[in-house]
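S.K.: This is the structure I have questions about; it appears just below.
Where a number appears in this text, it was derived from the coordinates with a stated rule and is not lab data. This one's a predicted model, so the numbers in the text were calculated from it and none came from an experiment. Note: ideal-geometry Cβ built from the backbone for every residue, glycine included; neighbour counts use all protein chains shown.
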Ligand SMILES: Cc1cc2nc3c(=O)[nH]c(=O)nc-3n(C[C@H](O)[C@H](O)[C@H](O)COP(=O)(O)OP(=O)(O)OC[C@H]3O[C@@H](n4cnc5c(N)ncnc54)[C@H](O)[C@@H]3O)c2cc1C
């Protein structure tokens with residue numbers, strides 16, 4: 001158990017990192033930092049026929065849980081809402097690793113995997129969660145935009161997934177070439193990858209207004 005009463009990261013049988021365990025982290029501050037740097041998660045769900053699907057979703061970290069929303073009309077979201085077991089990942093791709101062999105060529109990343117089942121949020125919890133998701137993905141925007149109507153609210157499922165059972169894996173730095181490859185006359189190293197926001201581009205009617213300060217200040 002950690003200070004906040006949650007199990008240590010990677011401490012359950014199914015979240016213990018076995019492959020390159022030295023790349024695992026049990027630090028919840030590291031987990032939170034990765035989640036706070038991401039914008040998109042992949043959420044897995046298996047349908048009644050046993051077919052797995054992976055849904056890309058925008059999300060927010062809210063303390064020790066992940067929040068995300070979807071359509072009440074979505075078969076897969078309804079399955080998650082009914083408590084289907086899920087696996088959610090968030091991956092920050094940090095670079096391409098160019099080793100001297102194909103075998104050792106790889107990627108640098110910070111990666112989170114969360115296991116569990118989602119809880120449906122309703123009423124005030126749902127309304128608050130929608131604002132938290134907006135504040136996380138589009139900081140400053142919520143106060144400027146029209147709030148959800150009753151119809152829109154009814155069409156929206158808001159789900160929470162606890163960060164109780166999770167793991168973190170990080171790969172960084174240079175390739176790990178085999179000793180016999182190190183002296184080969186080949187360039188090797190890594191190429192960093194960074195996510196950046198471009199210049200905001202208004203739509204036709206939006207061009208009449210200045211870009212809000214909160215948008216102009218978004219950075220990655
Ligand atoms: C961008 C990216 C690219 C990758 N490319 C490859 C590739 O091409 N080939 C390849 O074999 N592997 C790749 N990996 C690593 C891959 O995600 C697995 O960690 C690895 O394949 C070992 O899988 P396993 O089932 O043997 O892990 P195990 O160590 O047996 O998994 C046990 C538990 O460890 C945790 N865990 C495992 N992997 C991760 C992870 N990435 N993030 C968080 N928790 C994790 C989970 O809780 C899992 O249940 C990549 C990872 C990332 C993020």
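S.K.: Taking only Cα atoms, what is the 0 to 90° angle, nearest 10, from helix 28-37's long axis to the longest principal axis of the chain?
M.R.: In the chain, helix 28-37 runs at an angle near 70 degrees to the longest axis.
S.K.: Multiply the residue gap between residue 54 and residue 75 by 0.36 nm, knock off their C-alpha separation, and tell me the result in nm, one decimal place. Display every interim value, and only then the final one.
M.R.: Details: separation 21, 0.36 × 21 = 7.56 nm, distance 1.28 nm.
Contour length minus the Cα-Cα distance gives 6.3 nm.
S.K.: Points 7 angstrom from Cα along the Cβ direction at residue 197 and residue 4: gap in nanometres?
M.R.: About 2.5 nm separates the two model spin labels.
S.K.: Go ahead and estimate [θ] at 222 nm for the chain from helices alone: -39,500 (n - 2.57) per DSSP H run with n ≥ 4, summed, over the residue count, rounded to 500. Mind showing how you got there, number by number?
M.R.: Working: 5 runs with 41 residues, N = 220.
The helix contribution divided over the chain gives -5000 deg cm²/dmol.
S.K.: Output the 0 to 90 degree angle, nearest 10, between the alpha-carbon long axis of helix 123-137 and the longest principal axis computed from the alpha carbons of the chain.
M.R.: 50
S.K.: Given a Förster radius of 30 Å and the C-beta distance between residue 119 and residue 149 as r, what FRET efficiency does 1/(1 + (r/R0)^6) yield to the nearest 0.05? Numbers along the way, then the final one.
M.R.: On the way: r = 24 Å, r/R0 = 0.81.
The computed FRET efficiency comes out at 0.80.
S.K.: Would you mind checking the range 193-212 for residues with the amide N under 13 Å from a putative spin-label position 7 Å along Cα→C-beta of residue 37?
M.R.: Counting backbone N atoms under 13 Å from the label point, the list is 193-196.
S.K.: Using the beta-carbon distance between residue 137 and residue 182 and R0 = 45 Å, what value does 1/(1 + (r/R0)^6) give for FRET efficiency, to the nearest 0.05?
M.R.: Details: r = 44 Å, r/R0 = 0.97.
With a Förster radius of 45 Å, E is 0.55.
S.K.: Still on this structure: Dimensions of the range 111-184 along principal axes (Cα, Å, largest first)?
M.R.: Dimensions of the range 111-184 along the principal axes of its Cα atoms: 66, 30, 17 Å.
S.K.: Right, here's the next one. If I model a spin label at residue 82 and residue 218 as a point 7 Å from the Cα along the Cα→Cβ vector, what separation in nanometres do I get?
M.R.: Inter-label distance under the simple model: 3.5 nm.
S.K.: Suppose the chain between residue 104 and residue 19 were pulled fully straight at 0.36 nm per residue; how much longer would it get relative to their current alpha carbon spacing?
M.R.: On the way: separation 85, 0.36 × 85 = 30.60 nm, distance 1.45 nm.
Answer, rounded to one decimal: 29.1 nm.
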